[in-house]
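Structure first, then comments.
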Amino acid sequence: MQQRFNTIGLVGKAADSRTAPLVDTLVDTLHQRGVDVILEPAIRDCGHPSAFRVAPLTELAAEADLVVVIGGDGTLLATARITALHDTPLLGINLGRLGFLVDVLPDRAAIELNEVLDGAYELEPRAMLEVLLFRDGTPIHRGLAVNDAVLHVQHMVRIIEFDTFIDGLDVGRLRADGMIIATPTGSTAYALSAGGPILTPELEAMVLVPICPHSLNHRPLVVSSQAVIDLKLSSASRSPAQVALDGQENLDFAPGDVFRVQRHPQSLMLMHPRNHRFLRMLRSKLRWGEHP
């Protein structure tokens, strides 16, 4: 049985000139159907003050049955990092470039949103990462990532040295520009450009991709989603380092610090128009499998 959506939140990339007209159209569409609309403050100036409420994103996610994100994959990632813990599904309207996560075209947004409200949609759970940063054995930060958690050198062109542990087992010391730990969702992002494999979204797995390793015998590694991965910066490493979560949250990482990555107990719920297929999208977005 398909879910009914009585309250819908709208989130958007306010700096894009295409956002405001699209918000106008969607507010009209939803208002005609008698659906309650909540807008995040950044896109409140759309000319229909009596047709919606305005609320901070955390409040919006808690109250809405569905959040519609207008922007690119980065906008959806930023939204997901705040809303995912509420289990509120996200539907993305693509104003970006590739659009792996936001797959509704702007000129079809009102049509496909109406179809969603009529029950023509598919829900797809996406794994997320829980990231903990330890200093002197004490956790000093807990974060969440949808795409990836990345250990990388900071500011300068110089390698860092770190040890990798999987489920407590020391799997070796690596000298490189860093390490990407990605979900299947993130396997088509930074991890792919660094030479990692593409994982289909339903796989219960994570991928470790070294960034420019100094030794050629370090290759990408796919592990179970139940694995616990620890990276520890060597005391011999002379370069400052950082940990980045989805490229949107950056944490300083000092020698002796440990950064732990494991599957988050909750999943992000992505909504797609009916008949969405990941492999079909992969071919259209990346031209995967096409003849040269």
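At-a-glance table
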quantity: Residue within segment 142-152 that is under 21 Å from Ala62 (Cα atoms) and small (Gly, Ala, Ser) present; calculated: yes
quantity: Single match in Asp170, Asp87 (criterion: of a type in the set (Asp, Glu) and assigned by TED's automatic domain parsing to the domain that holds Ser187); calculated: Asp170
quantity: Check on Ala110, more than 20 Å from the chain's Cα centre (by Cα), surrounded by fewer than 24 Cβ atoms within 10 Å (Cβ to Cβ), farther than 16 Å from Asn6 by Cα and modelled with pLDDT of 90 or more; calculated: yes
quantity: Enumeration of residues in segment 15-40 that are under 16 Å from Gly92 (Cβ atoms) and of a type in the set (A, V, I, L, M); calculated: Leu22, Val23, Leu26
quantity: Selection within segment 49-106 - within 11 Å of the chain's Cα centre (by Cα) and of a type in the set (S, T, N, Q); calculated: Thr75, Thr79
quantity: Within segment 181-292, strands (runs of 3 or more DSSP E) holding 3 or more residues that are in contact (Cβ under 8 Å) with a residue 60 or more places away in the chain, under 14 Å from Thr164 (Cβ atoms) and not charged (D, E, K, R); calculated: 229-233, 258-273
quantity: Restricting segment 1-12 to residues that are in contact with a strand residue (DSSP E or B) (Cβ under 9 Å, 6 or more places away or on another chain) and at pLDDT below 90, the residue that is nearest to Asp65 (Cα to Cα); calculated: Gln3
quantity: Some residue of segment 6-28 being under 30 Å from Thr200 (Cα atoms) and polar (S, T, N, Q); calculated: no
quantity: Output for segment 118-162, where each listed residue is farther than 30 Å from His276 by Cα, modelled with pLDDT of 95 or more and not in a strand (DSSP E or B); calculated: none
quantity: Contacts under 8 angstrom Cβ, first residue in segment 113-131 being over 17 Å from Asp28 (Cβ atoms), partner of a type in the set (S, T, N, Q) and in a strand (DSSP E or B), 6 or more apart; calculated: Pro125/Ser267; Arg126/Ser267; Ala127/Ser267; Met128/Gln266; Met128/Ser267; Leu129/Gln262; Glu130/Gln262
quantity: Members of segment 154-213 found to be closer than 28 Å to Leu286 by Cβ and of a type in the set (Phe, Trp, Tyr), listed by number; calculated: Tyr190
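So that you can scan it fast, the table gives a plain yes or no per residue for (1) surrounded by fewer than 16 Cβ atoms within 10 Å (Cβ to Cβ); (2) modelled with pLDDT of 95 or more; (3) in the same structural domain as Leu151 (by TED's automatic domain parsing):
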site	(1), (2), (3)
Ser215	yes, no, yes
Ser224	yes, yes, yes
Asp230	no, yes, yes
Ala236	yes, no, yes
Ala241	no, no, yes
Ala244	no, yes, yes
Gln248	yes, no, yes
Leu286	yes, no, no
Gly289	yes, no, no
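The values are calculated or read from the model by the stated rules, or taken from the named source; none is laboratory data. Keep in mind that what you see is a predicted model, and the values were worked out from it rather than measured. Note that we place each Cβ from the backbone using ideal geometry, even for glycine, and neighbour counts take in every protein chain shown.
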